[in-house]
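Asker: If you scroll down you'll find the structure; I have some questions about it.
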Amino acid sequence: MTNSSTRASVSVLGLGPMGRALASAFLTAGHPLTVWNRTPGRAGDLPERGATVASSAEDAVRAGEVVVVCLLDYDAVRAVLPATGWAGRTLVNLSSGEPAQARALAGWAAGWGIRYLDGAILTPTPAIGTPAAAVLYSGARDAYDAVREAMTALGGTGRHLDADPGRAAAYEVALLDLFATSVHGAAHAFALASAEGVAPGDLAPFAVGISDLLSEMIPRWAEQLRTGRFPGERSTVASAGATLTRLVQAASAHGLDTGALAAAKRTADRAVAAGHGRDGLARLVAATAATRGVPAPPSRD
Ligand SMILES: NC(=O)c1ccc[n+]([C@@H]2O[C@H](COP(=O)([O-])OP(=O)(O)OC[C@H]3O[C@@H](n4cnc5c(N)ncnc54)[C@H](OP(=O)(O)O)[C@@H]3O)[C@@H](O)[C@H]2O)c1
């Protein structure tokens, strides 16, 4: 452990699995640590490792130069945070939420003169404190500079994106969209395979091969979206639409919920109706909005 006298004092509010992982990383890095949780008794081994358990959120805020909040959602954050007692402190909210909620909380903090940084944790609890951790931050640069050194305790990649406090949450919702729909896809694929009598272990190696395709596809799509060119040499929107029709039929035949597949089919149909049937699959991005076009992604050029 590093000498704690050289480290900023940190308070962690919220001791769910992620809050405990964050607290553990701060302790390991040698930060004097205070923790608080709405329900007592959730601190695990943190007290015996040197953490102080505060009896109120206000006490926890008073104890830390860096106040990290990691709760279920922004409503919980609003319910917990005191409005006063923040002089010389920086609030870092690592709870998941929507960009508009992050901007609203930043507005609340500004109204009380609280230095505020929003953040999005992109990796699961075992990654925290290791090189695999990834945390994005957004908000005023001076807030990031005030906590930057302390946040290196979380390990891996920490990146300040933008002065817009909602930017980290914008990345997070987009990435969770990818994760959630992929998880649903995996569950649905296992269910369909099972309904056809295919054992999970037999499907798994081929399913891994399918998921690996995304690693190649994602940067290729990003480049196509940047340039506005969607070559249909590998596969076309029209072909994907026909595949989806078959998938909906196969899943329906076994009584599976086809809601996600039907939504994907509607997206392909809109792209075809817009005259893009012979284009590559990145064309689907613009056809995703049900009632209006999705704005073109911002270009880095
Ligand atoms: N776990 C992960 O791998 C992971 C990864 C990335 C991001 N995150 C994000 O990190 C945040 C925390 O996640 P988590 O895994 O630690 O568990 P969680 O179940 O999302 O949150 C649990 C924490 O929220 C508190 N809480 C819930 N409702 C509350 C309320 N109304 N008032 C006060 N406190 C309230 C709980 O307190 P009580 O103990 O009193 O219920 C507990 O401290 C979430 O936003 C999550 O999306 C988690």
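The values are calculated or read from the model by the stated rules, or taken from the named source; none is laboratory data. None of the values given here were measured: they were computed from a predicted structure. Counting neighbours? That spans all protein chains shown, and the Cβs are built from the backbone with ideal geometry, glycine included. Ligands, DNA and RNA are stripped out before the accessible areas are found, and what is left, the full protein with its side chains, is counted by its heavy atoms. Shrake-Rupley method; radii C 1.70, N 1.55, O 1.52, S 1.80 Å.
Asker: Those residues that are more than 16 Å from the ligand (Cβ to nearest atom), open to solvent by 60 Å² or more (accessible area, probe 1.4 Å) and out of contact with any Lys or Arg (no Cβ under 8 Å at 6 or more places or on another chain), I need them from the stretch 141-186; list them, please.
Answerer: Once the filter is applied, which keeps residues that are more than 16 Å from the ligand (Cβ to nearest atom), open to solvent by 60 Å² or more (accessible area, probe 1.4 Å) and out of contact with any Lys or Arg (no Cβ under 8 Å at 6 or more places or on another chain), the stretch 141-186 yields Arg141, Asp145, Arg148, Glu149, Thr152, Arg167, Thr181, His184.
Asker: Let me ask something additional. Look through Phe190, Phe206 and report the one residue that is farther than 22 Å from Ala262 by Cβ and either surrounded by 13 or more Cβ atoms within 10 Å (Cβ to Cβ) or hydrophobic (A, V, I, L, M, F, W, C) (or both).
Answerer: Result of the check over Phe190, Phe206: Phe206.
Asker: Of the residues Val35, Val53, which single one is open to solvent by less than 50 Å² (accessible area, probe 1.4 Å), within 16 Å of the ligand (Cβ to nearest atom) and free of Cβ contacts under 8 Å to residues at least 60 places away in the same chain?
Answerer: Details: Val53 fails: open to solvent by less than 50 Å² (accessible area, probe 1.4 Å).
Just a single option satisfies the conditions, and that option is Val35.
Asker: Now a separate question. Among the listed residues Arg246, Arg226, identify the single one that is open to solvent by 80 Å² or more (accessible area, probe 1.4 Å) and in contact with an Asp or Glu (Cβ under 9 Å, 6 or more places away or on another chain).
Answerer: Result of the check over Arg246, Arg226: Arg226.
Asker: With respect to Leu91, is the statement that it is crowded, with 16+ Cβ neighbours inside 10 Å and either within 14 Å of the ligand (Cβ to nearest atom) or in a loop (DSSP other than H, G, I, E, B) (or both) true?
Answerer: Against the criterion (crowded, with 16+ Cβ neighbours inside 10 Å and either within 14 Å of the ligand (Cβ to nearest atom) or in a loop (DSSP other than H, G, I, E, B) (or both)), Leu91 does not qualify.
Asker: From Thr6, Thr34, Thr2, which residue is among the β-branched types (Val, Ile, Thr) and modelled with pLDDT of 95 or more?
Answerer: Thr34
Asker: Still on this model: For the stretch 109-121, enumerate the residues that are more than 16 Å from the ligand (Cβ to nearest atom) and either of a type in the set (Asp, Glu) or loosely packed, with under 15 Cβ neighbours inside 10 Å (or both).
Answerer: Passing the criteria: Ala110, Gly111, Trp112, Gly113.
Asker: For the stretch 258-277, what are the residues that are under 24 Å from Ala191 (Cα atoms) and either crowded, with 17+ Cβ neighbours inside 10 Å or in contact (Cβ under 8 Å) with a residue 12 or more places away in the chain (or both)?
Answerer: Within the stretch 258-277, Thr258, Ala260, Leu261, Ala262, Ala264, Lys265, Arg266, Thr267, Ala268 qualify.
Asker: Something else about it: For Pro40, only one of the following conditions fails: (1) near the ligand (Cβ under 9 Å from one of its atoms); (2) touching a residue at least 60 places away in the same chain (Cβ under 8 Å). What is its number?
Answerer: (2)
Asker: Name, by its number, the condition in (1) away from the ligand (no atom under 16 Å from the Cβ); (2) in a helix (DSSP H, G or I); (3) within 25 Å of Thr130 (Cβ to Cβ) that does not hold for Arg20.
Answerer: (1)
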